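The block underneath contains the structure these notes are about, expressed in structure tokens.
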Amino acid sequence: MATSRPLCAADLARILKIYLRIVEELPPDTETGFLDEQGHVHFLRDVGQKLRAAREATGVLARIQQRSEDRKP
């Protein structure tokens, strides 16, 4: 298990940029975290899995659409 360590502003900026790129690819209604009663943001751990699933679903839909178009006279 990883040990806790402080993050400097540059570290946090890099992490947030990567997270933002991932989140921007997901459908807008995908749950990616929550805001607690103290106003702290908590990110869900499975965001990467959701991104892979969204990419896979998009690929499947594109292949289905292509097959449909290929069958048209």
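The values are calculated or read from the model by the stated rules, or taken from the named source; none is laboratory data. A quick note: this is a predicted structure, and the numbers were derived from the prediction, not measured. When we count neighbours, we look across all protein chains shown, and the Cβ atoms used for this are built from the backbone with ideal geometry, even at glycine.
Numbers at a glance
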quantity	calculated
Selection count, region 19-45, where residues are farther than 20 Å from residue 56 by Cβ, without any contact (Cβ under 8 Å) to a residue 24 or more places away in the chain and of a type outside the set (Asp, Glu)	9
Residue identified as in contact with a helix residue (DSSP H, G or I) (Cβ under 7 Å, 6 or more places away or on another chain), surrounded by 10 or more Cβ atoms within 10 Å (Cβ to Cβ), modelled with pLDDT of 80 or more and aliphatic (A, V, I, L, M) among 51, 12, 7, 26	26
Evaluation of residue 18 against (1) outside any loop (DSSP other than H, G, I, E, B); (2) at pLDDT below 80 (one fails), failing number	(2)
Scan of region 30-48 for residues that are surrounded by fewer than 10 Cβ atoms within 10 Å (Cβ to Cβ) and closer than 14 Å to residue 20 by Cβ, ordered by number	41
